[in-house]
Amino acid sequence: MNPSTPPAPAGRNPWPIAIVSYFIIFIAFIAWFITFAMRQKMDLVRDDYYDQEIRFQQQIDRVQRTQSISTQINIASDPANQSISIGLPLEQAARSPSGTVLLYRPSDASLDRQFALQIGADGVQRLDVHAFSPGLWKVRVQWTINGQDYSFDKNIVLKRPAGA
């Protein structure tokens, strides 16, 4: 062996390339995930969601006041007539309640609708929902009688009539 010849290279070490490649892939994944997360539609149930949370105690009081008559309240959908009927106890309906009926779609706040509460002499109000999208809806009825506030919620599923 000649002492003046350099030794033959043993080969390249793959670890530096592997470590750098790993970090590049990791950073690319994080950048993709952040971009994906930022583009997701985050639709709150209501635009004033946080303001509603502050007034939540008032809602708790309304619901507690309503519990004694909740078995007499009827909210039902009628797919054949494409309507929702809201029935209050006759003793409450006779005292001319004023209030609102809110139908909101938990999956899409742009579909929410609000109506004035107009209970008939029979204690029932019927709402035409033929233009509403089928699916899950939450019906919230809030009314006032002699300065006392009441509130009742019920989930309903709107369906298209058979053959439609």
| request: Assess whether THR100 counts as being assigned to a strand (DSSP E or B), under 25 Å from the mean Cα position of the chain (by Cα) and not acidic (Asp, Glu). | output: yes
| task | Could you identify the single residue in ASP122, ASP128, ASP112, ASP149 that is assigned by TED's automatic domain parsing to the domain that holds ARG62 and farther than 26 Å from ILE69 by Cα? | result | ASP112
| query | If PHE26 satisfies every condition in (1) at pLDDT 90 or above; (2) assigned by TED's automatic domain parsing to the domain that holds HIS130; (3) not polar (S, T, N, Q) but one, which is the exception? | reply | (2)
| task | Please list, ordered by first then second residue, the pairs with beta carbon atoms under 7 Å, 6 or more apart or interchain, first in region 134-153 and without any contact (Cβ under 8 Å) to a residue 60 or more places away in the chain and outside any loop (DSSP other than H, G, I, E, B), second surrounded by fewer than 14 Cβ atoms within 10 Å (Cβ to Cβ) and among the aliphatic types (A, V, I, L, M). | result | GLY135/VAL157; LEU136/VAL157
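The values are calculated or read from the model by the stated rules, or taken from the named source; none is laboratory data. Note that this is a predicted model, so its numbers are computed, not measured. With ideal geometry, Cβ positions are generated from the backbone for all residues, glycine too; neighbour counts draw on all protein chains shown.
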